[in-house]
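Comments concern the structure below.
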Amino acid sequence: MNTPDTSRENPLVSIRGLSKAYAAHTVLREIDLDVHEGEVVALLGSSGSGKTTLLRCVNLLEKPDRGRIEISGQAIFNQSAGGDDKAGIKQKQVNTLRSRVGMVFQHFNLFPHMTVLGNVMEGPRIVLKEDGAINRKRAMEYLEKVGMADFADRMPHRLSGGQKQRVSIARALNMRPEVMLFDEPTSALDPELVGEVLSTMITLAKEGMTMLVVTHELGFALEVADRVVFLDQGTIEAEGPPADVLLHPTNERVQSFVNRFHATAELMRPLLQD
Amino acid sequence: MFDWSIITQNADLILKGLWITLYYTVVTTVLGLAMGLLVALAQLTRITAISWAGRLFVEFFRNVPLLVWLLWSYYALPIFLDINISKQLAGIMALSLYGAGYYAEILRAGIQTLDAGQTDAARALGMSTGQAMRRIILPQAFRRMIPPLAGQTIIQMKNTTLLSVLTVPDLLYQAGYIASFTYRPMEVYTAIGVVFLIILIPSNYLARKLETHNR
């Protein structure tokens, strides 16, 4: 979408040597990843490849075992191998960091006991202690942006999946984050609802929002992402411009991953011709 | 065969007993809930010593018979500590702690079974643990815990009858007293049972109603 300035010295998100294991099972091995301002990076990989864990490590919803994570040059996780030092990073700093990183979940995770507007206003109200009127006005603007302003007074359980996901995007945006994390934002949606969420995300990308997106939507990765990162068994197997990585895969694992999508398309072809 | 005039003649004593029963129900429910919440949160912390203390509390009160605990609190505890405890204070303390053990389990389960995604969403916005609890987790947990909490509170009310062994003049104690000078235990105890049914059947009905309402 945008032309990311990859020559910049200071990436918005910088990850170095990130590793994570659950008991004996290693999920992430020595991951290095930079996301620059205005860049849209798609994280691809089959299930169990570690892409969701990596995303959740960025705002420390998942605690890595070791490595270093910086947001806008500020270290929020720093633990060398075997060491017990956390560079004195306090929970309060982690909370502040999280308030600057927006997150959208696969299952929306809207707060069911609050209205749509209440959901969108909650973060600035509680975390930023923001004035109600200003908060409300901006919350309505974001709801407008995602096309949900008419539903401001509804309770979440009365919305479709696509509507819920658009509200959850507005909820994250209302914190005015520096970067947005998306964790398979369309995977829990009925196929006919995927489009409305993707189009909201495309709007954001066009406006220059920095986005890190875990997705199975190869089309989105190909068309919208500036860069794709392909994970397999906890390591980055391939990384680069979407067309290079996905259309002309040189890596064997990427090839078989992409082929599986082609295979599904092939399987469906005769069905579609009827 | 039934002589109901016994009841009407002693209505003032029964009313006084009812008042005492309701008073102890309300006070021990409020205190029990507050302590139960603390114990539930204690069990959910990552600090092992505190969570174990919470667990121990629950195990103790779920496994000691209430009557034994009540009598111990009034007759044994003052000797242990070499202090004087009034029967009212002993009763309130013993019933509240006992209720807290049960409330704690209901609250802990309600908090734990809440979708982890709710905590994730709250934390992702930058909320502290306390803010997430107060704004996101507890309001939802309480809502879905209303039916079991109501059920436990009904049990709590019935348990107040045990206070009569400490000579706290609750409904049951008054019944015994009236029976002792009228020699009509049949009418008196029947009436007391009916009073409980009149209060608790609608309460149970309301609790069930809340349950379906919250689905």
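The values are calculated or read from the model by the stated rules, or taken from the named source; none is laboratory data. Every value quoted in this text rests on a predicted model; they were computed, and no experiment measured them. In this analysis, Cβ positions are derived from the backbone assuming ideal geometry, glycine residues included, and neighbour counts consider all displayed protein chains. Note: areas computed on protein heavy atoms with side chains; ligands, DNA, RNA excluded. Shrake-Rupley method; radii C 1.70, N 1.55, O 1.52, S 1.80 Å.
Of the residues making up region B:140-152, just one is under 29 Å from residue B:24 (Cβ atoms) and either outside any helix (DSSP H, G or I) or at the interface with chain A (Cβ under 8 Å from one of its Cβ atoms) (or both), namely B:143. Among residues of region B:124-138 that are on the phi > 0 side of the Ramachandran plot, those with a beta-carbon under 9 Å from a residue that is open to solvent by 30 Å² or more (accessible area, probe 1.4 Å) at least six positions away or on a different chain give the pairs B:126/A:96; B:126/A:100; B:126/A:127; B:126/A:128. Inspection of region B:168-187 identifies no residue that is assigned to a helix (DSSP H, G or I), of a type in the set (A, V, I, L, M, F, W, C) and in contact with a Lys or Arg (Cβ under 6 Å, 6 or more places away or on another chain). Scanning region B:109-134 for residues that are assigned to a helix (DSSP H, G or I), facing another protein chain (nearest Cβ under 7 Å), surrounded by 19 or more Cβ atoms within 10 Å (Cβ to Cβ) and not hydrophobic (A, V, I, L, M, F, W, C) gives B:118, B:120, B:123. Of all residues in region A:18-34, exactly one satisfies the criterion of being open to solvent by less than 20 Å² (accessible area, probe 1.4 Å) and small (Gly, Ala, Ser), namely A:19. Say whether the condition of being touching a residue at least 12 places away in the same chain (Cβ under 8 Å), open to solvent by 60 Å² or more (accessible area, probe 1.4 Å) and within 19 Å of residue B:157 (Cα to Cα) is met by at least one residue in region B:36-51. No: zero hits. Restricting attention to region B:15-69, the residues that are aliphatic (A, V, I, L, M) and under 22 Å from residue B:176 (Cα atoms) add up to 7. Here the condition is being open to solvent by less than 20 Å² (accessible area, probe 1.4 Å) and more than 9 Å from chain A (Cβ to nearest Cβ); of B:155, B:137, it holds for B:137 alone. Filtering region A:124-158 to residues that are within 14 Å of chain B (Cβ to nearest Cβ), among the β-branched types (Val, Ile, Thr) and open to solvent by 20 Å² or more (accessible area, probe 1.4 Å) leaves only A:127.
Which pairs do you get when a residue that is at the interface with another protein chain (Cβ under 8 Å from one of its Cβ atoms) and more than 19 Å from residue A:176 (Cβ to Cβ), found in region A:94-123, comes within reach of a residue that is β-branched (Val, Ile, Thr) and open to solvent by less than 20 Å² (accessible area, probe 1.4 Å), reach meaning Cβ atoms under 7 angstrom, with the pair 6+ apart or on two chains? Close Cβ pairs satisfying both conditions: A:110/A:167; A:111/B:136.
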